[in-house]
Amino acid sequence: MATQSQEALTKLSGAIKGRVLGPDDSGYDEARQIWNAMIDRRPAVIVQPANSDDVAPAIKFARENTLEISVRGAGHNIAGNAICNGGLTIDFSQMKQVRVDAATKRAYVDAGATLGDLDAATQRHGLATPVGINSTTGIAGLTLGGGFGWLTRKHGMTIDNLVSSEVITADGKKLRASEQDNPELFWALRGGGGNFGVVTQFEFALHPVGPEILAGLLVFPFAQAKQVLTRYRQFANTASEDLSVWVVLRQAPPLPFLPQDVHGKEVIVLPIFYAGGAAAEGRRLIDELRSFGNPHGEHVGAQPYAEWQKAFDPLLTAGARNYWKSHNFTELSDGAIDSIIEYAGKLPSPQCEIFIGHIAGAANRVPPEAMAYAHRDAKFVLNVHGRWESTAEDRICIDWARAFFKASAPYASAGAYVNFMTEDEGERVTAAYGSNYDRLAQLKKRFDPDNVFHLNHNIKP
């Protein structure tokens, strides 16, 4: 690992208001920990900016000392690109402010903020913007890769609601990127990952949501998976965009509304979220879902939006080993359903799961060339979520995920969702950006010709 002299670190510390941590400093080991326990890296130096002005000196220091740069928002990315070995990590854990202008329905979000930070701030005003489904996820990484969640069917992807960004480029310039200012950079940031600079603040458009919404879970026996998925496919084709129903196939957690003899057994779960204003209409729409089979149990009702956003946190805590594979689908064909059921029937660990996010709606109405994220035909995103505790389980869990990915590939549509791509999927980067890749490569050459920001799903200049 590259080491930096104490003199050099002291000089860097004097140039910024935030903290500079070397391997021997208190807080270093905590700062290098990220969500996926498979990633264990040791940067030569970790810079924790106090504000956006601290970023340019960190970039300059790294370039002068020939250090790789990684950028840590909340450290949740599956590939582990937030942390580097022997380089310089810019860690935004001290920059988590969210400012809401309720009158203009705008949120201004620092690069270290999580979904939970954003939801808490916006829900004080009964507002929200589409983000993911785990409150500890970082806003920065989620947004730069696209972002989708419970509000996507009605209000689009996270990037569809991004109004502007503050960006520090490889040469240390601070730029505002929006439709009016540096529009080409703004185009690239919306789905292009961390390839074009370090984003220090995001401005989002907000929508009236909550504070109470209708949401919950229906849990069916795994033996009924074929009929549930077949009915689900029909339902999803015509479902109101106010209603999002996803699918999770896994072993049942010890949920209090399930019979004890179901705990630990394979089940098919329908998580439900209704974004409409009339709860009675939402309940009417949900009634049809119960007829898909004979449920083991359900827990559906009015609850705070911010709490529903945390509902899956207990299944996604930091510290486990994780390996993902993902496909986009324009439809759930019989072949896709059969492969899903086959591999959900041989889960290698109690924490492994297959989930299907239904995102059809507003996101499909954005032209594929409108921003870097191109796959506007995707109506479902499938994630093969391998998750386990010990290194002894690595091979069996990774092999299971890869085998299912291969088996389901013939039924998938083009492209990939970069936020779900693991470290070993560099060959999928071109497919992930599809028809927009060449334009992105030209913009990379313009904004980062030396590929300073390459610890990502890299677009080469």
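Laboratory data are not the source of any read-out in this text; all were calculated from the coordinates shown. These numbers come from a predicted model, not from an experiment. Here the Cβ positions follow ideal geometry from the backbone for every residue, glycine too, while neighbour counts run over all protein chains shown.
May I ask what percent, to the nearest 5, of DSSP beta bridges between residues of the chain are antiparallel?
90 percent
Name the residue farthest towards the positive end of the dipole of region 6-94 from the options Phe92, Gln33, Gln6, assuming +1 on Cβ of Lys and Arg, -1 on Cβ of Asp and Glu, about the Cα centre.
After comparing all options, I get Phe92.
Could you state the number of Å between the C-alpha centres of region 207-260 and region 352-382?
19 Å
Under the rule of -39500 (n - 2.57) per DSSP H run of 4 or more residues, summed and divided by the residues of the chain, what mean residue ellipticity at 222 nm is obtained, to the nearest 500 deg cm²/dmol?
Taken over the chain, the calculation gives -7500 deg cm²/dmol.
Give, rounded to the nearest 20 debye, the magnitude of the charge dipole that region 383-461 has about its Cα centre when Lys and Arg contribute +1 at Cβ and Asp and Glu contribute -1 at Cβ. Please report the intermediate quantities before stating the final value.
Details: 10 positive and 11 negative charges, 83 e Å.
Charge dipole of region 383-461: 400 debye, to the nearest 20.
For region 212-420, build the charge dipole from Cβ charges (+1 Lys, Arg; -1 Asp, Glu) around the Cα centre, then report which of Ile341, Gln227, Gly301 sits farthest towards its positive end.
My answer, from the dipole projection, is Ile341.
Hey, what angle do you get for helix 394-408 against the long axis of the chain, alpha-carbon based, 0 to 90 degrees rounded to 10?
60 degrees
For region 6-94, just say rounded, prolate or oblate: build the C-alpha gyration tensor, square-root its eigenvalues into a ≥ b ≥ c, call rounded for a/c under 1.5, and beyond that prolate if a/b exceeds b/c, oblate if not.
prolate
Most exposed first by the Cβ proxy, i.e. fewest other Cβ within 10 Å, how do Glu203, Glu331 rank?
Fewest to most other Cβ atoms nearby, the residues stand as Glu331, Glu203.
Kindly express, to the nearest 10 degrees and within the range 0 to 90, the angle between helix 279-290's C-alpha long axis and the longest C-alpha principal axis of the chain.
The answer is roughly 70 degrees.
Where the only charges are on Cβ atoms (+1 Lys, Arg; -1 Asp, Glu), what is the dipole of the chain about its Cα centre, to the nearest 20 debye?
440 debye
Roughly how many Å is it from the Cα centre of region 294-317 to that of region 143-205, as a whole number?
Region 294-317 and region 143-205 have Cα centres separated by 30 Å.
Please arrange Thr152, Thr391 by how many other C-beta atoms lie within 10 Å of their C-beta, fewest to most.
Fewest to most other Cβ atoms nearby, the residues stand as Thr391, Thr152.
Of Gly126, Cys397, Ser52, whose Cα points farthest to the positive end of the dipole of the chain (charges on the beta-carbon: +1 Lys, Arg; -1 Asp, Glu; origin at the Cα centre)?
Gly126
Mind counting lysine pairs for me in region 212-420? Cα separation below 25 Å, and the two need to be 8 or more apart along the chain or on different chains.
Total qualifying Lys-Lys pairs in region 212-420 comes to 15.
Take Arg365, Arg446 and order them by how many other Cβ atoms sit within 10 Å, fewest up front.
Fewest-to-most Cβ neighbours within 10 Å comes out as Arg365, Arg446.
Can you tell me the orientation of helix 55-64 relative to the chain, as the angle in degrees between its alpha-carbon axis and the longest Cα principal axis, to the nearest 10?
Here the helix axis deviates by roughly 60 degrees.
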